[in-house]
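S.K.: Take this structure first; my questions come after.
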Amino acid sequence: MRYEDWYRRSIEAPEEFWGEQAQAIHWHRPPRRILDDSNPPFRKWFVGGETNLCFNAVDRHLDARGEQLALVGWSSETGDVRELTYRQLHREVNVFASVLQSLGAGCGDRVVIYMPHTVDAVVAMLACARIGAIHSVVFGGFAALNLAMRIDDARPRVLVTADAGTRGGKVIPFLPLVNEALSRSEHPPQRVLVIDRGLAGPLPLREGRDVDYAQLRKAHEDANVPVVWLESNEPSYILYTSGTTGKPKGVQRDVGGYAVALALSMWSVYDIRPGQVMFSTSDIGWVVGHSYNVYGPLIAGATSIIYEGLPTHPDAGIWWRIVERYGVRTMFSSPTALRVLKKHDAAFITDRDLSKFEHLFLAGEPLDQPTARWISDVLGKPVIDNYWQTETGWPVLTLLPGLDMKPVRFGSPGLPNLGFNLRVINEVTGEDAPAGEKGVLVIQPPLPPGCMTTVWRNDQRFVDSYFSHFKELLYSSLDWAIRDEDGYTFILGRTDDVINVAGHRLGTREIEESVSSHPDVAEAAVIGVHDAVKGQVPIVFATLRRAQSGEEANETAAQMQKVVVEQLGGVARPARVYVVNALPKTRSGKLLRRSLQALAEDRDPGDLSTLDDPNALEEVKRALLRGP
Ligand code: ATP
Ligand code: MG
């Protein structure tokens with residue numbers, strides 16, 4: 001099958017193309033119309049069709065693969081391994097759905113899920129989908145403030161949580177955080193359902209509000225909860241963006257379009273067929289977790305590994321032992337995680353039997369070449385950079401090994417995915433940028449199935465954030481890109497982060513790549529700061545592979561400047577280089593450049609609700625005071 005033919009058809013005859021793809025899922029009632037695009041930028045896919053995500057992910061497989069593993073929950077934190085067949089998963093989901101109903105949750109109600117990355121959390125999501133409740137998963141590593149914000153936005157009827165989460169072996173009780181969040185929120189849920197893993201001692205339950213799941217489920221063990229059929233465009237869930245560029249946006253997703261897009265991508269992109277094993281190391285708190293830990297693999301009838309813990313605990317070999325043990329075919333992870341593994345001996349990978357292992361996909365942040373080369377050499381396989389957003393729900397730029405594998409080009413996440421009509425637009429002229437020239441990456445509507453339908457309860461923010469940047473009604477990715485002659489697209493950084501030096505527009509990514517090519521550099525963040533003469537100049541914050549003395553570090557910093565000048569020219573020369581021990585990142589591993597920039601320009605660092613390690617920011621403040 002030729003990628004070119006499939007792609008062309010998906011763009012030129014979208015209704016025909018998607019009408020065919022829709023056959024891959026179960027419809028209780030088939031769609032009346034494939035696409036209703038009469039009210040752009042709002043659009044509706046598979047109008048009038050009725051389906052259900054839980055039915056497609058679970059019930060549908062009972063006959064053919066009831067005894068096959070659906071989920072493997074592996075926790076390096078607690079030492080637990082839990083395996084569920086499709087039949088067992090079906091039972092668990094029915095029990096959970098019945099419990100939710102007994103707490104008053106029903107179709108259209110919101111349920112906030114604030115849980116560690118466990119099988120129970122997946123069951124909770126599927127139970128919501130079964131009864132038509134809209135889940136809003138809040139990453140279990142977030143603090144009370146993040147939780148309160150999301151509760152106020154979603155106004156849930158029920159909150160599902162656990163006794164505790166863990167991080168690197170440290171137990172973090174959740175109920176105190178939940179109590180704080182609920183006391184701060186204006187629309188607290190009436191009921192809190194607590195799943196006790198026995199990590200935090202006796203549960204301090206609040207009478208009348210909190211219930212212990214283990215107690216309550218006893219009365220629901222045999223429950224059979226009928227699937228609630230939903231019109232394709234009903235909301236399935238709310239999920240917030242990572243908050244890298246500002247206050248997180250509440251992405252709303254539909255039901256039918258999402259299921260169809262995931263079904264297509266599971267075989268064409270991830271090359272997973274029924275019965276095969278997928279291991280995404282993401283967390284259910286992120287979009288990758290929703291699409292490729294939970295719904296995608298299950299809709300495909302595959303086995304999904306749900307991993308709780310660090311990639312290096314108990315040691316750096318843990319992921320690869322799981323790959324060997326379960327015969328994982330496709331793995332999905334992040335550049336940040338691979339950079340951590342790179343610091344360890346590669347024998348932890350090469351010593352394993354990886355005969356069933358075929359593909360590694362990495363997404364979320366730019367994949368630097370040293371890391372990409374290292375891991376593809378170790379695995380002896382191409383590594384596929386995947387570009388997408390919480391908003392899009394599935395990959396925008398990718399290679400499609402399940403359809404027609406094209407060669408990898410280092411530095412590029414590849415080609416437009418099926419259904420994504422991508423253009424690169426010059427910000428100033430609003431015209432298409434010719435090959436080789438920089439511009440904003442946009443999607444020409446209609447956005448394919450699976451993409452966000454609106455911002456939750458805020459249609460105006462949907463229009464303003466994504467569709468108001470150009471004369472034409474185009475979806476702006478808010479990322480900067482360059483496309484080569486063959487359509488391979490390179491992401492240069494966020495449009496917010498573009499650095500304008502004396503009229504030259506530079507992407508943070510280009511300079512970061514260049515700095516990172518210095519062998520002593522572990523990771524670099526580049527930002528533009530105000531300069532009286534040039535408008536802006538780039539400055540660098542870098543972490544080093546090994547500790548260096550002050551003098552050594554100064555020498556390395558000077559070399560970084562030199563490397564950039566050699567590779568990108570004098571205009572890109574970093575005005576200052578700060579060597580630090582850590583860079584500020586979001587909980588999902590993204591560099592918080594806007595906060596670095598604000599601090600460097602002596603401004604307030606802005607919304608820090610998603611900041612991972614506050615020490616990293618303190619460290620930057622000290623470095624700025626100390627000087628480069
Ligand atoms: P917010 O939208 O709240 O500022 P965010 O954009 O980081 O946060 P996500 O939806 O988690 O939230 O991340 C999507 C963004 O991550 C993309 O727009 C892009 O900037 C970056 N990104 C994702 N994958 C890649 C990749 N393969 N290469 C480069 N950048 C990537
Ligand atoms: Mg974003």
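The values are calculated or read from the model by the stated rules, or taken from the named source; none is laboratory data. As the structure is a prediction and not an experimental result, all values here were calculated from the model. Note: ideal-geometry Cβ built from the backbone for every residue, glycine included; neighbour counts use all protein chains shown.
S.K.: Can you report the number of residues in segment 227-253 which are near ligand 1 (Cβ under 10 Å from one of its atoms) and either in a strand (DSSP E or B) or within 17 Å of ARG29 (Cα to Cα) (or both)? Quick ask: steps written out before the conclusion?
M.R.: Start the filter on segment 227-253 by keeping residues that are near ligand 1 (Cβ under 10 Å from one of its atoms), which leaves 239-249, 251.
Subset that is either in a strand (DSSP E or B) or within 17 Å of ARG29 (Cα to Cα) (or both): 239-240, 251.
The total comes to 3.
S.K.: Does segment 462-473 include one or more residues that are of a type outside the set (A, V, I, L, M, F, W, C), within 12 Å of ligand 1 (Cβ to nearest atom) and not assigned by the TED database to the domain that holds THR392?
M.R.: yes
S.K.: Also: Among the strands (runs of 3 or more DSSP E) confined wholly to segment 462-574, which include 1 or more residues that are in contact with a strand residue (DSSP E or B) (Cβ under 6 Å, 6 or more places away or on another chain) and within 16 Å of ligand 2 (Cβ to nearest atom)?
M.R.: Numbers: elements: 475-483, 489-494, 499-501, 504-506, 521-531, 535-544.
Fully inside segment 462-574 and qualifying: 475-483, 489-494.
S.K.: While we're on this one: In segment 407-422, what residues are within 16 Å of ligand 1 (Cβ to nearest atom) and out of contact with any Pro (no Cβ under 7 Å at 6 or more places or on another chain)? Talk me through it step by step, then tell me what you get.
M.R.: Within segment 407-422, the first condition is being within 16 Å of ligand 1 (Cβ to nearest atom), and the residues that meet it are 408-417, 420, 422.
If the condition is that a residue be within 16 Å of ligand 1 (Cβ to nearest atom) and out of contact with any Pro (no Cβ under 7 Å at 6 or more places or on another chain), then ARG409, PHE410, GLY411, SER412, PRO413, GLY414, LEU415, PRO416 are the ones that fit.
S.K.: Does LEU441 count as touching a residue at least 60 places away in the same chain (Cβ under 8 Å) and buried (at least 19 other Cβ atoms within 10 Å of the Cβ)?
M.R.: Working: touching a residue at least 60 places away in the same chain (Cβ under 8 Å): no; buried (at least 19 other Cβ atoms within 10 Å of the Cβ): yes.
Considered against the rule, which asks whether it is touching a residue at least 60 places away in the same chain (Cβ under 8 Å) and buried (at least 19 other Cβ atoms within 10 Å of the Cβ), LEU441 comes out as no.
S.K.: Within segment 270-289, is there a residue that is out of contact with any Gly (no Cβ under 8 Å at 6 or more places or on another chain), within 14 Å of ligand 1 (Cβ to nearest atom) and on the phi > 0 side of the Ramachandran plot?
M.R.: For segment 270-289, residues out of contact with any Gly (no Cβ under 8 Å at 6 or more places or on another chain), within 14 Å of ligand 1 (Cβ to nearest atom) and on the phi > 0 side of the Ramachandran plot: absent.
S.K.: Filter segment 584-609 down to the residues that are among the charged types (D, E, K, R) and assigned to a loop (DSSP other than H, G, I, E, B), then identify the one that is farthest from VAL529 (Cα to Cα). Show your work before the answer.
M.R.: Going residue by residue through segment 584-609, those that are among the charged types (D, E, K, R) are 585, 587, 590, 593-594, 601-604, 607.
With assigned to a loop (DSSP other than H, G, I, E, B) added as a condition, the list becomes 587, 590, 601-604, 607.
Values: ARG587: 25, LYS590: 20, GLU601: 6, ASP602: 10, ARG603: 11, ASP604: 14, ASP607: 19 Å.
It comes out as ARG587.
S.K.: Also, I was wondering about something else. Would you confirm, using the coordinates I've provided, whether VAL428 is part of a strand (DSSP E or B) and either under 24 Å from VAL383 (Cα atoms) or outside the structural domain of ALA263 (by the TED database) (or both)?
M.R.: It is false that VAL428 is part of a strand (DSSP E or B) and either under 24 Å from VAL383 (Cα atoms) or outside the structural domain of ALA263 (by the TED database) (or both).
S.K.: Could you run through segment 484-495 and say how many residues are under 14 Å from ILE443 (Cα atoms) and either among the acidic types (Asp, Glu) or more than 12 Å from ligand 1 (Cβ to nearest atom) (or both)?
M.R.: 0
S.K.: Here is a further query. Against the definition (under 30 Å from TYR258 (Cβ atoms), assigned by the TED database to the domain that holds GLN21 and either aromatic (Phe, Trp, Tyr) or not in a loop (DSSP other than H, G, I, E, B) (or both)), how does VAL323 come out, yes or no?
M.R.: Numbers: under 30 Å from TYR258 (Cβ atoms): yes; assigned by the TED database to the domain that holds GLN21: yes; either aromatic (Phe, Trp, Tyr) or not in a loop (DSSP other than H, G, I, E, B) (or both): yes.
Against the criterion (under 30 Å from TYR258 (Cβ atoms), assigned by the TED database to the domain that holds GLN21 and either aromatic (Phe, Trp, Tyr) or not in a loop (DSSP other than H, G, I, E, B) (or both)), VAL323 qualifies.
S.K.: So GLU365 ticks every box in (1) in a loop (DSSP other than H, G, I, E, B); (2) over 21 Å from VAL287 (Cβ atoms) but one. Which box is left unticked?
M.R.: Unmet for GLU365, out of (1) in a loop (DSSP other than H, G, I, E, B); (2) over 21 Å from VAL287 (Cβ atoms): (2).
S.K.: When segment 451-461 is examined, which residues are found to be of a type outside the set (Asp, Glu) and away from ligand 2 (no atom under 16 Å from the Cβ)?
M.R.: The first filter runs over segment 451-461 and keeps only residues of a type outside the set (Asp, Glu), leaving 451-458, 460-461.
Correct list: THR453, ARG457, GLN460.
S.K.: Which pairs turn up if I take residues in segment 358-383 that are touching a residue at least 60 places away in the same chain (Cβ under 8 Å) and look for partners that are part of a strand (DSSP E or B) and near ligand 1 (Cβ under 9 Å from one of its atoms) with beta carbon separation below 6 Å, at least 6 apart in sequence or on another chain?
M.R.: What qualifies is PHE361/ASN386; ALA363/ASN386.
S.K.: Kindly provide the set of residues from segment 528-557 that are touching a residue at least 12 places away in the same chain (Cβ under 8 Å) and more than 22 Å from ARG603 (Cα to Cα), ordered by number.
M.R.: THR543, LEU544, ARG545, ARG546, GLN548, ALA553, THR556, ALA557
S.K.: Going through segment 475-517 one residue at a time, which ones are touching a Ser or Thr at 6+ places or on another chain (Cβ under 7 Å) and not hydrophobic (A, V, I, L, M, F, W, C)?
M.R.: Scanning segment 475-517 gives ASP479, ARG483, TYR488, THR489, GLY493, ARG494, ASP496, ASP497.
S.K.: Also, I was wondering about something else. So which of ARG217, ARG167, ARG197 ends up being among the charged types (D, E, K, R) and within 21 Å of ASN146 (Cβ to Cβ)?
M.R.: Exactly one residue qualifies, and that residue is ARG167.
Each row is one residue, and each column tells you yes or no for (1) among the small types (Gly, Ala, Ser); (2) closer than 21 Å to SER517 by Cβ; (3) within 16 Å of ligand 2 (Cβ to nearest atom).
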position	(1), (2), (3)
ARG339	no, yes, no
PHE348	no, no, no
HIS359	no, no, no
ARG373	no, yes, no
LYS381	no, no, no
ASP385	no, yes, no
GLY402	yes, no, no
SER412	yes, yes, no
ASP432	no, no, no
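S.K.: Same structure again: Could you check segment 490-520 and list, in sequence order, the residues that are among the β-branched types (Val, Ile, Thr) and surrounded by 24 or more Cβ atoms within 10 Å (Cβ to Cβ)?
M.R.: In the first step, residues of segment 490-520 are kept if they are among the β-branched types (Val, Ile, Thr); the result is 491, 495, 498-499, 501, 508, 511, 515.
Selection gives ILE499, THR508, ILE511, VAL515.
S.K.: Just to be sure before I move on: is ASP109 among the charged types (D, E, K, R), closer than 21 Å to GLU234 by Cα and surrounded by fewer than 24 Cβ atoms within 10 Å (Cβ to Cβ) in the structure I sent?
M.R.: Yes.
S.K.: Which condition number in (1) over 19 Å from SER282 (Cα atoms); (2) surrounded by fewer than 22 Cβ atoms within 10 Å (Cβ to Cβ); (3) not charged (D, E, K, R) is the one that TYR86 fails?
M.R.: The single condition TYR86 does not satisfy is (2).
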